[in-house]
Structure formats: structure tokens, C-alpha cells
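Here's the structure we're looking at; comments come further down.
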Amino acid sequence: MTTTNLEPYWMPFTANRAFKKAPRVLHSAQGHYYTDADGRTLLDGFSGLWTTGLGHCHPKIVAAVQAQVATLDYAMAFQMGHNKAFELAERIIAIAPPEFTRVFFTNSGSEAADTALKMSIAYHRARGEGNRTRLIGRERGYHGVNFGGMSVGGMTANRKVFSPVMIPGVDHIRHTHSLGDMAFSKGQPTWGTHLADDLERLVTLHDASNIAALIVEPVAGSAGVLVPPVGYLDRLRETCDKHGILLIFDEVITAFGRIGAAFGAQRLGVTPDIITVAKGLTNGVIPMGAVLVKESVYQALTNCPENLIELFHGYTYSGHPVAAAAGLATLQCYDDEATFVQVRNIEGVFETLLHELKAEPHVVDIRNFGLMGGIELTSRVGSAGARGTEAYLRCFAEGVVIRNTGDIIALSPFFNSTEDELIRIIDTVRRALRAID
Ligand code: PXG
């Protein structure tokens, strides 16, 4: 057991006081396993936090980071550059949907979301449509915790306390989930295409001339894996085109393999105007996010005299050399290991195993796409979230890390998981469900 004083560190999205009474402290990681401070090994069923699909401490990424930190530790980010950031942008563009030509680096998914929102507003203004400032999100969406992303986000718990200080001019389309109509769908539900028409409602309400952008996750992750109905994203695309609204895909979870392609946009066959990424960009090894834009967006936004800064936005650590090195090594691994194909090869096994939990206690829905899995439980009367948390704790006690958002269990296995590992994760969840009341 650790003897460190746990109190000074105020942990993120954590019940700090309960945690510190019964801490779960990780010491090291290798491949598909963590080792905790007691020397116990834990199978990681969540790939870090949707981040580390290639496995922990991948030797090629470790080596790239070690070499970079000893060569160029930091480089002035503004009005100067370094090769690794340029190379990484080029590599990302090489695997992005065709019209995407430019990459802006951030340090997290939250910063990527806020950057994308600001770009949308700047884009319309640069084109002489300065009234287009309104931003549309979706209920149950998650775009990080900064003011912009929180405001367009739709996670009640994250919004409640900050309700009066949300950024103005934001509205939301309805979320895409309906237990009665789509429970236990495998992959994309066949019901619910029409839910995309909710965007027309907001266009009618606000008038398109006031709307800058719509931001959605292609597959909502944090809210408990909400998979878009067949044809839904296509319809959002059509509506955005019809009304001159930019479509932003928040691909912080779905990019780089999680749903069996470099980008969710490719797997789902719908191309947005702006894409945000983070997590899998560096396999979670060094914090980094990015915003990808289409050439048309970039051209409009940079239509000013050449000696002027086009966008007054950026971070001290935009394109950080060590993060960029981690990103380059990660993309190389995805290529060398044919990761995206690998995901498509095992997603069927994952789907089958996951849906075998259908008859287990408390389960009211199971959802999956690629290697994203969600298991929704009924809530215990008077204590919503307790069952999900107990399931998580039981799995941890049995040596498997999963995640719960309230009473929804989420699974995010490694891209190179073996069938035995997937079976162990599912069996552990099954025992947990049977053990809790
Ligand atoms: N967008 C999406 C779609 C995300 O999933 C962010 C933005 C924010 O990224 P940063 O790097 O600022 O955290 C995320 C982050 C969960 C969970 O339980 C998921 C995230 C964060 C915390 C919890 O699924 N994703």
C-alpha cells in the first residue's frame, strides 16, 4: 500500500473523499495490464480512458518520446516551428477524408472543441456573415469541460452548477436514444433517422442566418455509447448544407481506430467540415489534441493580408515537440500493425460477447459500434448511479478495469485484444451484475 499523502491532489471527475478512503493507485503499465501499488495486475478493459488502443508503454512510442525529449524538449510555438509538428500534421492529413488539408494543434479534446467552435464563428465572420454566431450541440453530447464545449455539451451533471454562465447563443438538438425503439440494437439502430430533423426545428426557430455550426460526436461516448441511427448523420449533413451551417464532428474518441477506421467520418460515410481529435492521436502517451479543417474553411478564414495573424488563437504547447513525436510514432504503429483493419476483425467477436449479457440482471440495453460498448442498467430506486459504480468496483476487485457513467457501463477494449481477453472482461462484468442487487 502506498504511504503517499493523497490529500493535496484534487482528482478530476472523482469522488475524492470516497476515493481517498479506499484508493485505487496505479504504479505501472505494460501492454494490456496495469500494475497497482500493491503489485496486483489489472486487465485494462477501457484502453486507458478511450486513449491507449495500442496498449500501454508501446516500445516504439516510448522510444520516440525518449529520443525527442533529449533532442528538442520545447520549441517556441508562435512565429516559430519545428519539424515534428509539420510532419505530424502532414501524416494526419494523409489519412483524413480527402477535403481535409489543415491541422491546428491543441493539448486536449476540450481545447480542440473550443478551438473548433471559435473557428466556426471566425469563418462566417470572415465571409461577411458575422451574424452566424449561434452554436448548436446535442443533448447528452460531451465536448469537454471548457466553457464552449460545456455549453454545447449535453451532460446534465456537467452543466447543472454552471447553468447561469454558459456561453450565450447555444441550443441543442435532441439526443438519439430511445430505449423503447432501439434497445439491444447491434451496431447502428435502424430506427431513428428522423431524429436528425430536430435540426430543422432549430433552424426554423433561430433562422439559419444566425447559426454558425452544429457539433456532434459521430458516436456519443461519455453519455454511454449512443450509436447514430442508420442515415441520421447523412441527414444532419444535408440539413447543414441546405442552410450553410458548418458540421463539426467531435472525434476525440472515434478517430484513430476505435470504430475501425482512421476517422469515424470514413467508417460512417459522412464528411463534416471540421473534425476534432485527441486521445488516440498519441495513444494517450502525451497530451495532445487537434482540429482538422477542410481547405474551404481554411481559405475563407485566412483571407487577410499575408503579414497578419489570421486567427488570434493558440496554446503555449500547440504542437509540442514531445507530443508530436508521440503522435508520429503512434500513427506509424497504426500503419505497421494495420490497426484499423485489426479492429474491424475483432469487433464482431466483441459484439457477440457483449450481447450475451442481455439476460443478466438489471440490463435494459446493450449498444456497440467498433470497439465501443455500452451496457445500460436500471437504476436502483433512490440512488441513481449506485449500481454502475458497484459494478465498476467489483470488476476492479476482480482485476478488470471498466468504466461507468452513472448506471451505464462502458467498455473500450484494446485494438489488439485477444478473444480470451474480451471473454475475461465480459465474464467479469457478468459476475459483477449477478452479484449486485
Ligand atoms: N470530446 C469528446 C467526444 C470526449 O470524449 C473530450 C471531448 C474532452 O477531452 P479532454 O482531453 O479535454 O478530456 C472528450 C473526453 C468517459 C469520459 O467517461 C470521456 C472523456 C472524458 C472523461 C470521461 O467516457 N472524453
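The values are calculated or read from the model by the stated rules, or taken from the named source; none is laboratory data. Everything quoted here is computed from the prediction, not taken from an experiment. Glycine also receives a Cβ, built like all others from the backbone with ideal geometry; neighbour counts cover every protein chain displayed.
Consider only pairs whose beta carbons are under 8 Å apart and that are at least six residues apart or on different chains; among these, list those whose first residue lies in the range 10-33 and is touching a residue at least 60 places away in the same chain (Cβ under 8 Å) and whose second residue is polar (S, T, N, Q).
Listed pairs, sorted by first residue: His32/Ser417.
Quick check: anything in the range 206-226 in contact with a His (Cβ under 7 Å, 6 or more places away or on another chain), in contact (Cβ under 8 Å) with a residue 24 or more places away in the chain and part of a helix (DSSP H, G or I)?
yes
Restricting the search to the range 130-170, which residues are within 20 Å of Thr115 (Cβ to Cβ) and of a type in the set (Ser, Thr, Tyr)?
Thr133, Tyr142, Ser151 - these are the residues of the range 130-170 that are within 20 Å of Thr115 (Cβ to Cβ) and of a type in the set (Ser, Thr, Tyr).
All but one of (1) out of contact with any His (no Cβ under 7 Å at 6 or more places or on another chain); (2) within 30 Å of Ala290 (Cβ to Cβ); (3) part of a loop (DSSP other than H, G, I, E, B) hold for Leu357; which doesn't?
The one condition Leu357 does not meet is (2).
Looking only at helices (runs of 4 or more DSSP H) that fall completely inside the range 229-304, which ones have 3 or more residues that are within 16 Å of the ligand (Cβ to nearest atom)?
Ranges flagged: 264-268.
Determine if the range 214-233 includes at least one residue that is farther than 30 Å from Asp407 by Cα and buried (at least 20 other Cβ atoms within 10 Å of the Cβ). I'd like the intermediate steps shown before the answer.
First, the residues of the range 214-233 that are farther than 30 Å from Asp407 by Cα: none.
The answer is no, given that none of the residues of the range 214-233 is farther than 30 Å from Asp407 by Cα and buried (at least 20 other Cβ atoms within 10 Å of the Cβ).
Can Ala75 be described as assigned by TED's automatic domain parsing to the domain that holds Pro168, in contact (Cβ under 8 Å) with a residue 60 or more places away in the chain and within 19 Å of Asn283 (Cβ to Cβ)? Step through it out loud before you land on a result.
Values: assigned by TED's automatic domain parsing to the domain that holds Pro168: yes; in contact (Cβ under 8 Å) with a residue 60 or more places away in the chain: yes; within 19 Å of Asn283 (Cβ to Cβ): no.
So Ala75 fails the test.
Under 17 Å from Leu247 (Cβ atoms) and either modelled with pLDDT of 95 or more or more than 16 Å from the ligand (Cβ to nearest atom) (or both) - does that describe any residue in the range 177-192?
No.
When you scan the range 90-97, do you find a residue that is surrounded by fewer than 17 Cβ atoms within 10 Å (Cβ to Cβ), among the aliphatic types (A, V, I, L, M) and in contact with a strand residue (DSSP E or B) (Cβ under 7 Å, 6 or more places away or on another chain), even just one? Give the derivation first.
Of the residues in the range 90-97, the ones surrounded by fewer than 17 Cβ atoms within 10 Å (Cβ to Cβ) are 90, 93-94.
The next check asks that each one be among the aliphatic types (A, V, I, L, M); those that pass are 93-94.
Then keep just the ones that are in contact with a strand residue (DSSP E or B) (Cβ under 7 Å, 6 or more places away or on another chain); that gives 93.
Yes, because at least one residue in the range 90-97 is surrounded by fewer than 17 Cβ atoms within 10 Å (Cβ to Cβ), among the aliphatic types (A, V, I, L, M) and in contact with a strand residue (DSSP E or B) (Cβ under 7 Å, 6 or more places away or on another chain).
When the range 111-150 is examined, which residues are found to be of a type in the set (Ser, Thr, Tyr) and surrounded by fewer than 23 Cβ atoms within 10 Å (Cβ to Cβ)? I'd like the intermediate steps shown before the answer.
In the first step, residues of the range 111-150 are kept if they are of a type in the set (Ser, Thr, Tyr); the result is 115, 120, 123, 133, 142.
Thr133 - this is the single residue of the range 111-150 that is of a type in the set (Ser, Thr, Tyr) and surrounded by fewer than 23 Cβ atoms within 10 Å (Cβ to Cβ).
Check Met80 against each of (1) more than 23 Å from Asn283 (Cα to Cα); (2) among the aliphatic types (A, V, I, L, M); (3) surrounded by 15 or more Cβ atoms within 10 Å (Cβ to Cβ); (4) over 22 Å from the mean Cα position of the chain (by Cα) and name the one condition it does not meet.
Every listed condition holds for Met80 apart from (3).
Between a first residue in the range 113-138 that is free of Cβ contacts under 8 Å to residues at least 60 places away in the same chain and a second residue that is within 16 Å of the ligand (Cβ to nearest atom), which pairs have beta carbons less than 6 Å apart while being 6 or more apart in sequence or on different chains?
Asp114/Asn146; Asp114/Gly148; Asp114/Gly149
If I filter the range 36-92 down to residues being in contact with a Leu (Cβ under 8 Å, 6 or more places away or on another chain) and of a type in the set (D, E, K, R), which single residue comes out as nearest to Tyr315 (Cα to Cα)?
Applying the filter and picking the extreme gives Lys84.
Can you go through Ala326, Ala391 and tell me which one is assigned by TED's automatic domain parsing to the domain that holds Met288 and crowded, with 17+ Cβ neighbours inside 10 Å?
Being assigned by TED's automatic domain parsing to the domain that holds Met288 and crowded, with 17+ Cβ neighbours inside 10 Å holds for just one of Ala326, Ala391, which is Ala326.
Give me the residue from the range 37-56 that is in contact (Cβ under 8 Å) with a residue 60 or more places away in the chain and part of a strand (DSSP E or B) and, out of that set, farthest from the ligand (Cβ to nearest atom).
Checked the range 37-56; the qualifying residue farthest from the ligand (Cβ to nearest atom) is Thr41.
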